[in-house]
There are 4 protein chains.
Amino acid sequence: MIIIVKQNTKEERIRDLIAWIESQNLRTHVSSGDYTTIIGVIGDTSKLDEELISGLDIVEGVKRVSEPFKSSNRKFHPQDSVISVGDQKIGAGHFAMIAGPCSVESREQIISVAKSVKAAGATMLRGGAFKPRTSPYDFQGLKADGIELLLEAKRETGLPIVTEIMNANHLPLFEDVDVIQVGARNMQNFELLKELGRIRKPVLLKRGLANTLKELLMSAEYVMAGGNENVILCERGVRTFETTTRNTLDLSAVPALHELTHLPVVVDPSHATGVARYVKPMALAATACGADGLIIEVHNDPPHALCDGAQSLRPEQFEDVARCVFQIRQTVQQLG
Amino acid sequence: MIIIVKQNTKEERIRDLIAWIESQNLRTHVSSGDYTTIIGVIGDTSKLDEELISGLDIVEGVKRVSEPFKSSNRKFHPQDSVISVGDQKIGAGHFAMIAGPCSVESREQIISVAKSVKAAGATMLRGGAFKPRTSPYDFQGLKADGIELLLEAKRETGLPIVTEIMNANHLPLFEDVDVIQVGARNMQNFELLKELGRIRKPVLLKRGLANTLKELLMSAEYVMAGGNENVILCERGVRTFETTTRNTLDLSAVPALHELTHLPVVVDPSHATGVARYVKPMALAATACGADGLIIEVHNDPPHALCDGAQSLRPEQFEDVARCVFQIRQTVQQLG
Amino acid sequence: MIIIVKQNTKEERIRDLIAWIESQNLRTHVSSGDYTTIIGVIGDTSKLDEELISGLDIVEGVKRVSEPFKSSNRKFHPQDSVISVGDQKIGAGHFAMIAGPCSVESREQIISVAKSVKAAGATMLRGGAFKPRTSPYDFQGLKADGIELLLEAKRETGLPIVTEIMNANHLPLFEDVDVIQVGARNMQNFELLKELGRIRKPVLLKRGLANTLKELLMSAEYVMAGGNENVILCERGVRTFETTTRNTLDLSAVPALHELTHLPVVVDPSHATGVARYVKPMALAATACGADGLIIEVHNDPPHALCDGAQSLRPEQFEDVARCVFQIRQTVQQLG
Amino acid sequence: MIIIVKQNTKEERIRDLIAWIESQNLRTHVSSGDYTTIIGVIGDTSKLDEELISGLDIVEGVKRVSEPFKSSNRKFHPQDSVISVGDQKIGAGHFAMIAGPCSVESREQIISVAKSVKAAGATMLRGGAFKPRTSPYDFQGLKADGIELLLEAKRETGLPIVTEIMNANHLPLFEDVDVIQVGARNMQNFELLKELGRIRKPVLLKRGLANTLKELLMSAEYVMAGGNENVILCERGVRTFETTTRNTLDLSAVPALHELTHLPVVVDPSHATGVARYVKPMALAATACGADGLIIEVHNDPPHALCDGAQSLRPEQFEDVARCVFQIRQTVQQLG
């Protein structure tokens, strides 16, 4: 960490700052120029609070040289991580096609969708049992019953299942779930993340609506610091002023995260755009820029679905998307 | 709710939509013009999922006529709510001056700050015991011990205390806390909000980094739907592209929330700006536009504080801010 | 246009509003329900000021049924537009690969880059002669001399040239330029757009830093309303809170614009990301989601370039990007 | 400027960078630590392109120690600037109350509004003659005739006039205008700014929809670099995801700009909120945090006005706002 001290700061105050930094088991290297004094901080600065220091009245600016994320940092782990999910893998060339309905609604629905997405090439089944809803009056999911139905669909099709958790107290219900999803609104629910660090099950961590990629990595760090290294990152759009799409899908997150971290990165074009017609082009784009997987909403019978929505594809539409995605993926891999 | 159907939609599909709406105990009123068909939905549409309907391929657009928030809505509760906190009140002309350190650090610190802010006119003491931190390696607060120290400061000064909760499982520790704060990152932690709906203690609910005012009210609704009507809203800045301040304080939230809801609205100029020098002007501005209170960071001994930061005032600075705020408040009230 | 009137509005005020609307040669269709009155406005509402009406105190909300853009609207022009640029075409299956340096610096530089990008498959040459710079102290381009050098490169290679205009008074200098670019900062410089409507040369219109897709189309409308239908739209990233990339590339703009308009859409991954390493993945992604072309920064001799920057590729890097883009494009076209 | 070089960069490449910097008449001071090399750049770095350097592959980061704005920088001009407008002043304790209609519509309208706002305490008259409109089909202003009518209102009332320019070619029409306004959409129309640097008339420069405060200052720098030091800055809201207000008024811009620059800062609560009901609270807030003036929309006869809008006040409402603003201003000044 480089600390730039303001011009004309009294020597004494600089000495106080240095003393405080060194009291935290860090070394300093001071360079005084004509116009400014620079303090280089050497050691494990990941525990140093950047915001606190940059707020000091004698500090002009702070610049981290090493990132505050460790476990997820590619610098310390150059190879891509591969995360195993049942007999499936994701990362380092293994591509995950995760598909399924927004909400689990009934036995018939989830099994029918599971069968059709499997036939189309999906490698995992997604479905919401606990649903985070902006309004307390909206449908909140089938909860424990929804998880039971997902497990039934898993037994029926062999597809590993991915479903969202909203409360660490529900963890016992997730015993047989294959991947636990943390939604965008809980990306900085640090208490939940810590609990997920205590287990060893893969966690699919969605980027928050207004969170930077570095914050996403710091949240992954919460899980990994607890010992659970099985984190899958998910870009699902950020909030901007644009209203044509529900969110703005930030696909440059894919190469940027691949540079910063060894963790796999999947993309959710359904929630990002909120418009079924844009799911296919965005799925192809995500695949072309190197995403390690996709998570796509598919429902069986639109007109009667509770969540018959803007963003869900019908099974035959998903089949077309999957076919095209696999084709683009093959081309990308041939390009090397 | 007004649903505008796309041009050239088949009669049959419109009939299906109407049937589905009516199956939810709502009535419809259809108006067919030369260019479009409009379905007016009558009844308690707050339970109707706007996003779902606007996503249907036959729907051009949806416009709510009545807001989806009920308990917090001023239309159904025209008088300002007054919330009692110990022997203090907030709302409907009662102004809360909440002050204290970012984190509780020691007995000496919290009692010293409590005494000095009380002397300057503070009506409540704030202090963090459980701290939400972006990094798992940053100081996470004194936790239960921090709450104990806050209670000691309360006994010493008589000031009611405000402190943040991050996990509903910690609720027993908050038994004697006067106001439970929900931080910006937990504004849409719906499971936590539901638990806070089961108690009757005042909840200070901070606006999320990228949440609209209507989403803030929907989160208040989660607490109120459980029966806890003691919600205090807090504007603390939203995330934008501007980097001079940590966040962008949205003061128009004050008159806008006062129009939409009967709940009191406080402003946090410390977290919003992240710069101690801007706390005073922003505190005055918030008071001038009608805020029902302020929440301001004050630390006792900056050079040695763990959180000696950009945004905290020294006690003598707070004294000046408080004096000026009370003066502006008096002028505003005289203006009527 | 649908106008929803507030509950309990006096009859007289509604009549005044209707009279005012009808005075503008529009017809109305009024539907009064139990809870609300809805005024349907029939006729050419594109000239009606939506913001003005929605601001009236008796108006609950306004919803356009027809978009305010006419000339660019796909509804009235279902086929993709094809724009001719010299002997090249863009749109409706014709793909433009536009490449070249940020700034024209010297005869050697621009001719060398032009030759190398042509060899790699570029169909047009870009280069800045007039440079919009945030600081008046930064290099502002070679101006008229820069255009002369571009024309020389055109004569040498046969590549049509694309360069930015900042002032309508400079138009005579652009006589032999093939495509006139309007930069993001001038997207709403309406006076400039009007002047470009008076000529018939293709205009490459970049989306503003914080402009919606509908505003981009309204700016295209300024050019087209003047009679110049040769508008090429360009997505180049929008401004968000994310700092890893210079802007946030909004690739969902590609399918969304293709749905709204018949105009071709190109993508600029260089300015969008500001990082040369991300140009290739984003170029592939843009191609996969159906962009009609790319505009990519390439410089010849990085270490000595004035603009040796974050975002420019070296010629051999561009060759690799172009090869991969053409491969993805071929796969996408085979998918149908 | 501090340049932090990436770890493990070859000596030779660092030498090249230093040579290039020194070739631009700057000196360097190099400090090599265990982990990193830091290059301090000494001299007038305002002409150095930060983006270019931070984009070099061997550069970890760049931090400016001195700001790139010179003429507007408070460091080199500690006293507040006072700008004279006719017999009025603004800045350094002089408060400007600028009021008038969105658009000039007729002789009767502008003279009537001018008289009423003058009676209420306005010190300048605003009114749009050239109107920037998102749609080419919306009313574009009375243009030259509008300026004539403003001048007539000036002769009638003695109020200096403020009106917007959109095209430098129109400058001759602005001969007798007192303050030339540059709208938000033209904040980075650098060609227009340069032309305004050639005259000596005060320029009221509005912040762009998504521009930082530093970019606003760089745009002021364009005018000042030409020799015109009479720049008045205007905060008018930035674009965010919030939809309750048209823009998000960033009042922390007032103290932040006062710290960075000696130029006066005015606030436009009408355009910022887009809602007449919020103009008063935001005008009071702006005054309380130290704005040097306000610019407020007032129309005379709402029901018949072309721009009878969401954001305009009636004369009697403006009278109330002005009275309260002056009262708050007095209290703020007494507080010291």
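The values are calculated or read from the model by the stated rules, or taken from the named source; none is laboratory data. Please read all numbers here as calculations on a predicted model, not as lab measurements. Note that each Cβ is placed from the backbone with ideal geometry, even for glycine, and that neighbours are counted across all protein chains shown. Heavy atoms of the whole protein, side chains included, go into the accessibility calculation; ligands, DNA and RNA do not. Shrake-Rupley method; radii C 1.70, N 1.55, O 1.52, S 1.80 Å.
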field: Stretch gain in nm, segment residue C:155-residue C:108, where the contour uses 0.36 nm per residue and the Cα spacing is subtracted
entry: 15.5 nm
message: Which trypsin sites (Lys or Arg not before Pro) in the range C:164-247 sit in a loop by DSSP (not H, G, I, E or B) and have at most 12 other Cβ atoms within 10 Å of their own Cβ?
response: C:198, C:200
field: Compactness relative to 2.2 N^0.38 Å, alpha carbon Rg of the range C:2-63
entry: 1.02
statement: Neighbours of residue C:47 by Cβ distance under 15 Å: Lys/Arg at +1, Asp/Glu at -1, summed charge -3
message: Taking the Cα centroid of the range C:38-72 and of the range A:143-221, what is the distance between the two, rounded to the nearest whole Å?
response: 44 Å
statement: Volume per residue (Å³) of the convex hull spanned by the alpha carbons of the range A:35-163 is 195 Å³
- prompt: Quick one: how many Å² of residue B:159 are accessible to a 1.4 Å probe, rounded to 10?
  reply: 10 Å²
field: Where the protein assembly as shown is the region considered: accessible area per residue in Å², 1.4 Å probe
entry: 34 Å²
query: Please identify the trypsin sites (Lys or Arg not before Pro) of the range A:9-39 that satisfy two criteria: DSSP loop assignment and at most 10 other Cβ atoms within 10 Å. Which are they?
result: A:10
message: Relative contact order for chain B: what percent, with Cα pairs under 8 Å and sequence separation of 6 or more?
response: 15 percent
query: What are the ³J(HN,Hα) values, in whole Hz, obtained from phi via the Karplus relation 6.51 cos²θ - 1.76 cosθ + 1.60 with θ = phi - 60°, for each residue of the range C:78-86 in sequence order, with x given for Gly and Pro?
result: x, 7, 4, 6, 10, 10, 8, 10, x
message: Once you compute Rg and the Kirkwood Rh from C-alpha atoms, what is the Rg to Rh ratio for chain A?
response: 1.06
field: Projected area averaged over orientations for the protein assembly as shown, convex hull of C-alpha atoms, nm²
entry: 45.0 nm²
message: I need the inter-copy label distances for residue A:133: point set 7 Å along Cα to C-beta, values in nm with one decimal, smallest first.
response: 3.8, 4.4, 5.7
- prompt: Mean separation of Cα pairs under 8 Å and 6+ residues apart, divided by the residue count of the range C:2-63: what relative contact order is that in percent?
  reply: 46 percent
- prompt: Copy-to-copy spacing for residue A:121, label 7 Å out on the Cα-to-C-beta vector, in nm, shortest first?
  reply: 2.2, 6.9, 7.1
- prompt: Can you give the net charge of the other residues whose Cβ lies under 15 Å from the Cβ of residue C:93, counting K and R as +1 and D and E as -1?
  reply: 0
Contour minus Cα-Cα distance for residue B:75 and residue B:259 (0.36 nm per residue): 65.3 nm
query: Using the Kyte-Doolittle scale, which helices in chain D average at least 0.5 and also have C-alpha atoms spread 15 Å or more along the helix axis, with helices defined as whole DSSP H runs?
result: D:213-225, D:276-288
- prompt: Roughly speaking, what % of Cα-Cα pairs in the range D:222-336 are separated by over 19 Å, rounded to a whole number?
  reply: 51 percent
message: Ignoring everything except DSSP H segments at least 4 long, calculate the 222 nm mean residue ellipticity for the protein assembly as shown; use -39,500 (n - 2.57) per segment, divide by total residues, nearest 500.
response: -10000 deg cm²/dmol
message: For residue A:175, place a label point 7 Å from Cα along the Cα-to-Cβ direction in every copy; what are the distances to the other copies, in nm, shortest first?
response: 3.3, 8.4, 9.0
Chain B residue with Cβ closest to the axis mapping B onto A, distance in whole Å: B:210, 2
statement: The answer for residue D:61, listing residues at least 5 apart or on another chain whose modeled amide H is closer than 5 Å to its amide H, is D:4
- request: Could you state how much accessible area residue D:138 has, in square angstrom rounded to the nearest 10, with a 1.4 Å probe and all protein chains kept in place?
  value: 20 Å²
- line: In whole percent, the fraction of accessible protein surface over the range B:30-167 that belongs to carbon or sulfur atoms, probe radius 1.4 Å, stands at 48 percent
- request: Quick one: accessible surface of residue B:105, probe radius 1.4 Å, all protein chains present, in square angstrom to the nearest 10.
  value: 50 Å²
field: Listed pairs D:6/D:47; D:143/D:194; C:118/C:214; B:214/C:214; B:143/B:214 exceeding 28 Å between Cα atoms
entry: C:118/C:214; B:143/B:214
- prompt: Say each of residue B:7 and residue C:145 gets a label point 7 Å from the Cα, pointing the same way as Cα to Cβ; how far apart are those two points in nm?
  reply: 5.5 nm
